[in-house]
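Right, one structure below, let's go through it.
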Amino acid sequence: MNQAEVSQLISKLRIRISPRHKNLKCPEGPQGRLNKLRKTVNALFKYERLELNYTIADETRGYAERLISEAIRHGDTHKPTMEMADYWIEEKQLIHKLFKVLVPRFSDYKTSYTMLYRAPKAYPDIVYPRSVLELRGNPFPSILPQRIDQRNFIHNILLEEAKKAYRAEKYEQITKSLNEQDVVDK
Amino acid sequence: MKGLLTFKRIKNHLTFNFNAFCNVLFGQMPPPALSFANPVETLKPSSQHLIDVQQLFKNSILWAVPKHRRTIEKRLGRKFGYITEFYKMLMPRTDLFTCNHCGHYYQRRHLCPNCYKRVKDETTEFQEVIEKELGLDPIEQEVVVLYKGEKTKKPEEFWKGKRIVELKREKPVWFCRNLLQRTTIGNSDCKDVKPSELA
Amino acid sequence: MLLRSLKLHIIQCGFAPVVLQVSRTCSNMPLSDTHQSPDNAVSGKQVKSERKLVVPSNSRFIYPEFLPDPKMEWRNSLREKLERLDMIQRRKHIDIPEFYVGSILAVTSSNQHAPNKATRFVGICIQRLGCGLRANITLRNVIKHVGTEIKYQLYDPTIQKIEVLRLEKRLDDELLYLRDAPNEYSTFDENMEAEYLPEGTPVPVNTTLVKLKPRPWRARWERKNMKGLADLELEERFYKRAEELATPWEKYDLMKQYRRTIPEEEQKEIFAEVCSELHEVEVMRKKLKRKKVFVKPTRSS
């Protein structure tokens with residue numbers, strides 16, 4: 001039974017968040033965990049698309065989204081946000097990227113800022129589940145293929161044409177038989 | 001018959017060895033209160049008695065033996081495993097589907113490995129090119145990667161405010177060039193080939 | 001028309017108090033008519049009427065127990081909604097004022113063994129816990145040289161009155177260190193009068209630094225980063241150990257922070273649901289304050 005903290009106002013994240021964090025098996029404990037996550041967040045901002053194990057990707061997703069939402073909410077000049085960005089982003093050029101590229105890119109978004117996909121398993125090896133974590137709006141080709149209308153599949157096209165041909169033949173037959181009947185009646 | 005014999009044997013052993021046991025404990029004849037009804041020949045204490053105690057432990061007392069019958073549920077559980085935990089039987093996989101774009105198999109809710117491999121290779125190329133060109137400068141503009149002939153396709157204003165990185169290849173196409181050539185100009189009047197054996 | 005006929009009927013039946021209730025709701029009708037639906041409040045649009053229904057930005061400080069427990073496993077939207085309705089109902093009967101940890105309150109609760117069937121306890125609020133109907137406060141005072149603390153449930157029906165004698169904030173969110181401080185810091189006069197603050201002034205912050213008694217204490221205050229404590233005057237080894245155990249990376253842990261708070265969008269929703277009724281209750285309270293009490297004249301002969 002706790003009271004929610006009211007000293008700060010935080011924007012809602014548009015991703016699914018588990019009730020508990022993952023410990024991430026670090027010899028240095030909680031600080032080591034944050035260091036690991038910090039490196040991953042840096043890599044995500046730098047390369048905009050990463051392939052990594054699912055658990056770490058899930059954890060960093062939350063932190064990346066939080067950073068971006070804080071940057072969008074408070075902007076460049078807010079001191080606590082700058083301190084936070086200073087701690088989280090090690091390469092200082094990426095701070096520029098966060099405030100000058102990512103914030104304008106994501107400021108009007110109604111959806112999450114990152115996407116997390118489950119990468120294919122290297123069957124039959126038994127490995128940790130892999131995943132792909134990317135920032136939306138990145139310059140790379142999209143991971144999910146564009147939706148193609150299934151009508152244009154070759155078998156569908158052939159079937160359609162065959163249907164038409166069959167129908168045409170049947171109509172010919174019917175008209176032929178009707179003409180014959182007329183002739184007979186006469 | 002066998003049971004009786006074993007029972008007799010056990011009883012004899014117990015009586016025989018009980019005295020010996022008492023000897024070991026008290027160092028003398030068992031006190032009158034502890035002796036059995038038919039006092040068997042009392043032996044002198046020797047090392048044989050210790051071995052007899054061991055014999056008692058080996059033969060008369062039953063160790064590591066099932067106490068109750070295993071129920072059919074338990075037996076089946078051990079044999080076939082448990083569905084909720086670890087089922088030992090082979091179960092068909094219902095989470096493999098064919099990709100609509102390339103035809104390879106993929107796991108449900110995962111990416112298609114073939115499609116993803118293509119994208120991954122492209123992405124690594126893009127990333128290398130970007131790193132080479134931009135290096136360690138602060139990135140203050142959106143980065144766009146374009147193939148050989150793509151810059152001229154859109155008007156100049158479209159590229160304003162974006163940092164362009166150019167790749168010296170042409171855009172990769174799904175089909176090979178031969179397949180992309182148009183073979184039909186329109187509906188042909190040729191009636192040589194007709195669809196046969198329909199329906 | 002319908003209401004008038006209803007009134008007559010009730011009078012005939014002889015239920016006078018109900019008539020009052022009905023007339024009160026009647027008078028409230030114009031209020032609710034001008035109030036637009038809560039959707040407008042959520043979008044933050046200014047309603048075109050005299051009474052604006054914009055959700056006040058400091059609701060989360062005045063009514064912190066309306067926000068649910070941030071622990072995700074214990075969230076239940078239906079239960080929270082029902083609780084909020086109950087809380088508003090209770091607030092209609094008793095005034096639960098705005099206060100903070102460090103304010104001096106006087107709580108009158110029912111006690112069957114007391115002469116007036118009520119006991120009044122004055123004390124400084126040292127802790128504020130719980131959410132929803134389980135919100136509680138701990139008041140501390142030193143009575144006859146004995147430090148006493150009483151934990152009151154804010155929405156307890158046996159509580160008759162909650163008055164704020166001095167509204168102020170302190171430098172910390174919890175003043176549990178007063179237990180290890182000399183008694184002067186926790187003594188407050190039982191017959192203290194309520195101090196008046198003009199409307200609209202920001203809540204004053206009391207910046208007194210408390211000097212604790214010598215060790216042993218009830219908690220290791222050197223490890224807790226309390227801002228309201230004067231220099232603890234301990235040996236070096238205590239501060240060294242505190243440094244070893246300190247977790248300075250926690251303040252940068254964004255997700256931990258997120259899991260401890262209710263995000264702004266949800267807060268707005270919650271208060272939009274609730275603020276119109278709370279505003280009504282406030283307005284009614286103010287009216288009743290200003291109203292002159294009618295004293296029935298007694299015969300003198």
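The values are calculated or read from the model by the stated rules, or taken from the named source; none is laboratory data. Computed from a predicted structure; not experimentally measured. Please note: Cβ atoms are built from the backbone with ideal geometry, for glycine as well, and neighbour counts cover all protein chains shown. Areas reflect the complete protein model, heavy atoms only, side chains present, ligands, DNA and RNA absent. Shrake-Rupley method; radii C 1.70, N 1.55, O 1.52, S 1.80 Å.
At a glance:
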| item | result |
| --- | --- |
| Accessible surface of B:Thr94 - all protein chains present, 1.4 Å probe, nearest 10 Å² | 120 Å² |
| Solvent-accessible surface ranking, highest first, for C:Thr207, B:Thr123, C:Thr298 at 1.4 angstrom | C:Thr298, C:Thr207, B:Thr123 |
| Computed lengthening from C:Leu85 to C:Leu129, 0.36 nm per intervening residue step minus Cα-Cα distance | 13.9 nm |
| Which of C:Val295, C:Val203, C:Val54 is most accessible, then next, and so on - probe 1.4 Å | C:Val295, C:Val54, C:Val203 |
| Helix axis angle, A:79-88 relative to chain A longest principal axis, alpha carbon, degrees | 80 degrees |
| Rough spin-label spacing in nm, given labels placed 7 Å along Cα→Cβ, for A:Thr111 and C:Lys71 | 3.6 nm |
| Shielding of C:244-250 by partner chains, average beta-carbon count, 10 Å | 2 |
| Occluded residues from region A:87-119, i.e. those whose accessible area drops by 40 Å² or more once the chain is not alone (1.4 Å probe) | A:Tyr87, A:Gln93, A:Lys100, A:Val101, A:Arg118 |
| Calculated FRET value between B:Arg93 and B:Lys194, using beta carbons and R₀ = 35 Å, to 0.05 | 0.25 |
| Cα gyration tensor shape of region C:161-208, rounded if a/c is under 1.5, else prolate or oblate by comparing a/b with b/c | oblate |
| Long-range HN-HN contacts of C:Glu168 with modeled amide H, under 5 Å | C:Tyr100, C:Ser103, C:Ile104 |
| Estimated buried accessible area (total), pair C and A, 1.4 Å, Å² to nearest 100 | 3200 Å² |
| B:Glu85-A:Ile17 FRET efficiency (beta carbon distance; Förster radius 25 Å; 0.05 resolution) | 0.30 |
| Partner aspartates and glutamates for B:Lys194 [C-alpha distance under 17 Å; skip if fewer than 8 residues away on the same chain] | A:Glu160, A:Glu161, A:Glu169, A:Glu172 |
| FRET efficiency estimate (nearest 0.05) - Cβ-Cβ, A:Asp149 to A:Ser177, R0 30 angstrom | 0.20 |
| Threshold 10 Å², region C:56-70 residues less accessible with all protein chains present than alone (1.4 Å probe) | C:Arg60, C:Phe61, C:Pro64, C:Leu67, C:Asp69, C:Pro70 |
| Inter-label distance, nm, simple model (7 Å from Cα along the C-beta direction), A:Lys100/C:Ile62 | 4.5 nm |
| Rounded to the nearest 10 Å², the accessible area of B:Ser196 at probe 1.4 Å | 80 Å² |
| Three-way shape call for region A:8-48 based on the alpha-carbon gyration tensor, with the a/c threshold at 1.5 | oblate |
| Sequence of A:Ser7, C:Ser301 from largest to smallest accessible area, 1.4 Å probe | C:Ser301, A:Ser7 |
